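Colleague: Just passing along the structure, written as structure tokens.
The values are calculated or read from the model by the stated rules, or taken from the named source; none is laboratory data. No experiment lies behind these values; they were computed from the predicted model shown. Don't worry about glycine lacking a Cβ; one is built from the backbone with ideal geometry, like all the others, and counts go over all protein chains shown.
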Amino acid sequence: MTQVLDQPVKPAPPLVSGAERTARRRALLEWIALHSLGVAAALFFTLPFVFVFLTSLMSDTQALSRDLVPHTWEWGNYAKVFDTPGFLTWWRNTLVYAGLGTALTVVSSVPVAYALAKFRFRGRDLSLMLVISMMMLPPQVVVIPMYLFWAKQLDLSGTLWPLMIPMAFGDAFSIFLLRQFLMTIPNEYLDAARVDGCGDLGTLLKVVLPMARPGIAAVALFQFFYAWNDYFGPQIYASENPGAWTLSYGLESFKGAHHTDWNLTMAATVLVMAPVILVFFFAQKAFVEGVTLTGVKG
Amino acid sequence: MSALTLASKRRRSALRTLAFMSPWLIGFAVFFAYPLISTVYFSFMHYDGFRPPTWSGGKNWAYVFEHYPLFWPALRNTLWLVLVMVTLRVVFGLGVGLLITKIKTGTGLFRTLFYLPYLAPPVAATMAFAFLLNPGTGPVNSILEKAGVPAPGWFNDPAWSKPALTLLALWGIGDLMVIFMAALLDVPAEQYEAAQLDGASAWQRFRYVTLPNIAPIVMFAVVTGVIQTMQYYTQPLIAGKVASGVIQGAGTQFEPGYPDKSTLTLPQLVYNLGFQRFDYGSACVVALVLFALSTAFTALLMRRRGGLIQAGD
């Protein structure tokens, strides 16, 4: 198109040239409109982060003003948050809950997902339907009997065990996601393993697991985020014992204790958000790499 | 002889299935079936956690539906959220998905920026919005007032608390954006070319090519949105607690639904009845209402989903 317009020897008929120019102008206008919209949307999505971060660096008095940008950059606010009694304990508890919970979930969910994806047995479709139903069940529906069970019968309230122990018995969402992923592994690989004399467990460990790495990474990522973000669970089981609080739960009490200190509260907020976003950036790469390396998808 | 080996083979295969399924079978029995039956049982009992439970017939049910002052406001709020928040989220998610598929420069950067808020932990995101929208010194109202626009009370005004929650929900649109983006890229390009040859306008192409192709995904987004709204808990709770400003520490004593019950949702009632009032029986009634509603929509999802869930079968 541009070549035609650039040729001086053979001038295009004025009508066509005009139409071409209009088309190009319209394309340019469209590009500008689209990217203006894109920038506007980007501002909507990023400005909250920016304002939170800027406020986290303000002095105590300035945080009470309507200023948007700090006069002095008080990096010490972050040190103050770490010095808050309990903050490091919440951090450790969150890592244990998210880390151990994720490990338990993966170990217990993989065999179930494998059976649902690759075994033929009566009741398989029913089991899958029940898994989906469990996935959609709000935790509040069964919390009263569960609380009575953990607190009154096993005396485990004030700890995070009532949240982690169930993860050793399969997590519905993880089972479902892994099952969807394992469905994409061709049966020929499993048959070949069997011919080579692998038992069921051997096939799962030596053939399926390496191929399912991206799926497992995705499940681990989701479960880690779930535990990190969970508020209801710690509220029910850990509220009576600040030594068992997690970051998501403790953050809110932070606001209670620091009432008007928006700067410190926002610094704590940044510290709760940052790890999740960092994990995402690292895991996103591993995830994409995993998908391309194993060649399962395709 | 061969019949015998066949039988033993079958038995071994059944045992194998049982072994692989066992974590979930135990989990299903202990953490799903038992507590669900138990919830039904307690909904007919009077139980405060100290004295042994006693039979109370339909009293808890009558109390929740007729006298419990928070039940109907919570249900009305849920309806509001389903009608307004779910609709706006689907429309906005589709809009952002369309925008990202059309943008050709810096797509990766835009996509990451649009997706990030979805990752923000709910408590942290709600705290951030409670700060951004706080009527006293919040940046949003500062900017609105400078621009001469009347600044609302957001989380402190019963009329504005749900719109403020909606704004927070729209900020975290990343999940829907990704789903819609994938669906939009799957629409066959030939159909657009054919429509263009027929002289269809941009709106007509969207209406007659794009929409019919992504209709199942829109349906999926609506139904999962409704199910998520039934479970909506952390954001309205934190918004109410922070805005009320009276909380000291994270104890159990706070007025749910601040301001004026406008942020109450059903899951909060289970907490209020069970863990603030120690009326476990009535808490189980609300839990069962919640169960009935979310099961109804889950059933709708499984029926409507068709190709979505059985993908790969």
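Colleague: Within the range A:134-141, is there a residue that is assigned by TED's automatic domain parsing to the domain that holds A:Tyr237, of a type in the set (A, V, I, L, M), touching a Leu at 6+ places or on another chain (Cβ under 8 Å) and over 30 Å from A:Gly202 (Cα atoms)? Quick ask: steps written out before the conclusion?
Modeller: We begin by selecting, within the range A:134-141, every residue assigned by TED's automatic domain parsing to the domain that holds A:Tyr237; these are A:134-141.
Subsequent filtering for residues that are of a type in the set (A, V, I, L, M) retains A:134-137, A:141.
From what's left, touching a Leu at 6+ places or on another chain (Cβ under 8 Å): A:136, A:141.
Cutting the leftovers down to over 30 Å from A:Gly202 (Cα atoms) gives us A:136, A:141.
Within the range A:134-141, one or more residues are assigned by TED's automatic domain parsing to the domain that holds A:Tyr237, of a type in the set (A, V, I, L, M), touching a Leu at 6+ places or on another chain (Cβ under 8 Å) and over 30 Å from A:Gly202 (Cα atoms).
Colleague: Considering each of B:Ser56, B:Ser43, B:Ser22 in turn, give the residue that is surrounded by 12 or more Cβ atoms within 10 Å (Cβ to Cβ), in contact with a His (Cβ under 7 Å, 6 or more places away or on another chain) and modelled with pLDDT of 90 or more. Let's see the steps before the verdict.
Modeller: Details: B:Ser43 fails: in contact with a His (Cβ under 7 Å, 6 or more places away or on another chain); B:Ser22 fails: in contact with a His (Cβ under 7 Å, 6 or more places away or on another chain).
Just one listed residue meets the conditions, B:Ser56.
Colleague: I need the full set of residues from the range B:112-126 which are in a helix (DSSP H, G or I), touching a residue at least 40 places away in the same chain (Cβ under 8 Å) and surrounded by 24 or more Cβ atoms within 10 Å (Cβ to Cβ), in order please.
Modeller: Taking the range B:112-126 and keeping what is in a helix (DSSP H, G or I), we get B:112-119, B:122-126.
Subsequent filtering for residues that are touching a residue at least 40 places away in the same chain (Cβ under 8 Å) retains B:114-119, B:122-123, B:125-126.
Residues satisfying the conditions are B:Phe114, B:Val123, B:Ala125, B:Thr126.
Colleague: Tally the residues that are of a type in the set (S, T, N, Q) and touching a Gly at 6+ places or on another chain (Cβ under 8 Å), restricting the search to the range B:36-76. Walk me through it before giving the result.
Modeller: Initially, the range B:36-76 is screened for residues of a type in the set (S, T, N, Q), giving B:38-39, B:43, B:54, B:56, B:60.
Among the residues that remain, those that are also touching a Gly at 6+ places or on another chain (Cβ under 8 Å) are: B:43, B:56, B:60.
Qualifying residue count, the range B:36-76: 3.
Colleague: Another one. Within the range A:247-261, is even one residue under 24 Å from A:Tyr78 (Cα atoms), modelled with pLDDT of 90 or more and more than 10 Å from chain B (Cβ to nearest Cβ)?
Modeller: No, the range A:247-261 contains no residue that is under 24 Å from A:Tyr78 (Cα atoms), modelled with pLDDT of 90 or more and more than 10 Å from chain B (Cβ to nearest Cβ).
Colleague: A further question on this structure: Within the range A:134-149, is even one residue within 30 Å of B:Leu290 (Cα to Cα), buried (at least 20 other Cβ atoms within 10 Å of the Cβ) and under 19 Å from the mean Cα position of the chain (by Cα)?
Modeller: yes
Colleague: Taking interchain pairs and intrachain pairs at least six residues apart, which have beta carbon atoms under 7 angstrom, with the first residue in the range A:125-144 and within 7 Å of another protein chain (Cβ to nearest Cβ) and within 20 Å of B:Ser282 (Cβ to Cβ) and the second at pLDDT 90 or above and assigned to a loop (DSSP other than H, G, I, E, B)?
Modeller: Filtered contacts from the range A:125-144: A:Pro138/B:Gln231.
Colleague: Shifting gears a bit: Suppose we keep only residues that are without any contact (Cβ under 8 Å) to a residue 60 or more places away in the chain and farther than 15 Å from B:Tyr115 by Cα within the range A:41-61. Which one would you say is nearest to the other protein chains (Cβ to nearest Cβ)?
Modeller: Across the range A:41-61, the extreme among qualifying residues is A:Phe51.
Colleague: Could you name every one of the helices (runs of 4 or more DSSP H) located completely within the range B:179-257 that has at least 2 residues being within 13 Å of chain A (Cβ to nearest Cβ)?
Modeller: Where helices (runs of 4 or more DSSP H) fall fully within the range B:179-257 and carry at least 2 residues being within 13 Å of chain A (Cβ to nearest Cβ), they are B:211-230, B:234-244.
Colleague: Pairs please, first residue from the range B:22-48 and in contact (Cβ under 8 Å) with a residue 60 or more places away in the chain and more than 7 Å from chain A (Cβ to nearest Cβ), second anywhere and outside any helix (DSSP H, G or I) and among the hydroxyl-bearing types (Ser, Thr, Tyr), Cβ atoms under 7 Å, 6+ apart in sequence or on different chains.
Modeller: B:Phe44/B:Ser56; B:Met45/B:Thr54; B:Met45/B:Ser56; B:His46/B:Thr54; B:His46/B:Ser56
Colleague: Of all the helices (runs of 4 or more DSSP H) wholly in the range A:185-274, which have at least 3 residues that are over 30 Å from A:Leu68 (Cα atoms)? Before the answer, list the steps.
Modeller: Numbers: elements: A:187-195, A:213-229, A:232-237, A:247-258.
Answer list for the range A:185-274: A:187-195, A:213-229, A:232-237.
Colleague: Further question on the same structure: Run B:Val96 past the list (1) within 26 Å of B:Ala215 (Cα to Cα); (2) surrounded by fewer than 23 Cβ atoms within 10 Å (Cβ to Cβ); (3) within 14 Å of chain A (Cβ to nearest Cβ); (4) of a type outside the set (Ser, Thr, Tyr) and report the number of the one that doesn't hold.
Modeller: It fails just one condition, (2).
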